[in-house]
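The values are calculated or read from the model by the stated rules, or taken from the named source; none is laboratory data. The structure presented is a predicted model; accordingly, all values stated were derived computationally and were not measured. As a convention, Cβ positions derive from the backbone with ideal geometry for all residues, glycine included, and neighbour counts pool all protein chains shown.
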Amino acid sequence: MSRSRRFERREFHEFRRWLESTRNLVHLSVVLFVPLLVGLVTLVANATNLSFLLFPPLASGAYLLFAHPEERYSSPLRFVAGLTVGALCGWLAIELTGWLFYAGGPGSIHAPSAALAMLLTGAATWAFSIEEPAAFSTALLAVVDDAPGFSYVLSIAVSSLLVAGVFVLWHRRVYRHRARYLYQSTKGDDHVLVPMRGDHADATASFGARIAAAHDAGKVVLLDIVESPKDVATDGGTEREVSTATKTHASHLEACAERIEETMDVPCEVVVIERGAEAPATTALGAAREANCDLIVTPYERADGRTASFVTSLFRTDMDVIAHRSADGRTSWSRVLVSVRRASDVAHSMLDFACRLTGRSGKVSLCHCIDSEYERRDAESMLAELVETFAERIETRVAHGPIEEFLADASSRQNLLMLGASADRSAVSRLLSPATFQRLHDIECDVAIVDRRYRPLERE
């Protein structure tokens, strides 16, 4: 039973990750809403004798609305006005040519009527700035022999209003707030545990505190792990020495906590744990759960030229983790560059963290590197989809070339570089090409590595 629940959670998470791409959300909306709307209009047409000629332009116009919700032609007002004006121009063309010329035999379409319908539609949509491609369809369909006069125009107006109403509701309640429904970062990561390790632990504590301080319910927990008596005991006096060492560590943490509370106005707790037989990363994870923390911000560490086991072990847990590498002990960050591979929960989280760090007066930039100019348009669209979910002003940059070179050059103008841990890549992929943060050299600013991958053993 538990295996079945884990499978269901994994499948749900994979579906949610798929939806985190705005393009996938839009495509799913097209697949769901356009058929439903056409079915609804069909019911209305059957009940009210509306013309079935409206279906082709209505379906194409509905697709344009939902498939490109932010583009020029995806205005519900332009959609309704364009289709209705097109139908009106077609009806007027029929009336005018019928009055001036012989309309032709049964089953035929009067050529002057078709030409005049196109002329009137082009002039009207241009004059009123309601260019709508489907308007020409509604105008031409009105010219066919069985078009039911002015009732056809009313059919188009009523049906397009119905479609536009559903689109407006979807756009305001779902599309604009997709970050709230799809991205977990807007609902958590406000209780932060900071293991105090390395030479720049205080800087990392400030980093975690600024992330937590952005939320009203935020708090910071400073953790220090000291050697336990059984690890160092050699005589009867050792226990007193360890106790003194523990007090010294606690005093340092309390002083750091006071500075954080005074400067950032966020509650800060202190935890000192004597190390037992378990690994330090396991101890830190247990402390985070005990303190009800949902994010661990740890100093980045290296050993033997590779990422230290403490950091990699945290990356393998079910906790959100940020590894912070301080360049010079900085405690504030006003210029942050975020590097992303694709639109995802991790990408959105990094932007969320960056905006928390910089506040209202700082500057956040979002970048993506491409291998070919053919990829530029898709890359620009992907970045635009990410920044649309934020109220803050975020600069976007698409660079052509190796990511390492671009980031090394850009780092001199930034306080912080933020990138993902690439934890969702396969073992073969990581073997062939190490994660980006492991290939960075000559970076002049701080670096933050964000890990938010899914684990099958996710907590209930």
Show the residue pairs that are 6+ apart or on different chains and have beta-carbon atoms under 8 Å apart, the first residue being within segment 331-344 and in the same structural domain as VAL447 (by TED's automatic domain parsing), the second being aromatic (Phe, Trp, Tyr) and crowded, with 21+ Cβ neighbours inside 10 Å. THR331/PHE207; TRP333/PHE207
Do you know which of the residues in segment 385-407 that are in contact with a strand residue (DSSP E or B) (Cβ under 8 Å, 6 or more places away or on another chain) and touching a residue at least 40 places away in the same chain (Cβ under 8 Å) is nearest to VAL447 (Cα to Cα)? LEU407
Which one of SER160, SER155 is under 23 Å from GLU95 (Cα atoms) and either of a type in the set (Asp, Glu) or touching a Leu at 6+ places or on another chain (Cβ under 6 Å) (or both)? SER155
Go through segment 175-229 and give me each residue that's modelled with pLDDT under 80 and part of a loop (DSSP other than H, G, I, E, B). ARG176, HIS177, TYR183, GLY188, ASP189, SER228
Conditions: (1) polar (S, T, N, Q); (2) over 19 Å from VAL220 (Cα atoms); (3) in contact (Cβ under 8 Å) with a residue 40 or more places away in the chain. SER326 meets all but one. Number of the miss? (2)
Flagged in segment 324-343 as in contact with a helix residue (DSSP H, G or I) (Cβ under 8 Å, 6 or more places away or on another chain) and over 12 Å from LEU417 (Cα atoms), in numbering order, are GLY329, ARG330, THR331, SER332, ARG341, ARG342, ALA343
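Take the residues in segment 369-386 that are under 15 Å from the mean Cα position of the chain (by Cα) and modelled with pLDDT of 90 or more, then tell me which one is nearest to LEU419 (Cα to Cα).
Here the residue is LEU383.
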Some residue of segment 359-368 being assigned to a helix (DSSP H, G or I), modelled with pLDDT of 90 or more and small (Gly, Ala, Ser): no
Considering only segment 295-325, how many residues are touching a Phe, Trp or Tyr at 6+ places or on another chain (Cβ under 9 Å) and among the β-branched types (Val, Ile, Thr)? 6
Selected residue [at pLDDT below 85 and either on the phi < 0 side of the Ramachandran plot or assigned to a loop (DSSP other than H, G, I, E, B) (or both)] from SER155, SER160: SER155
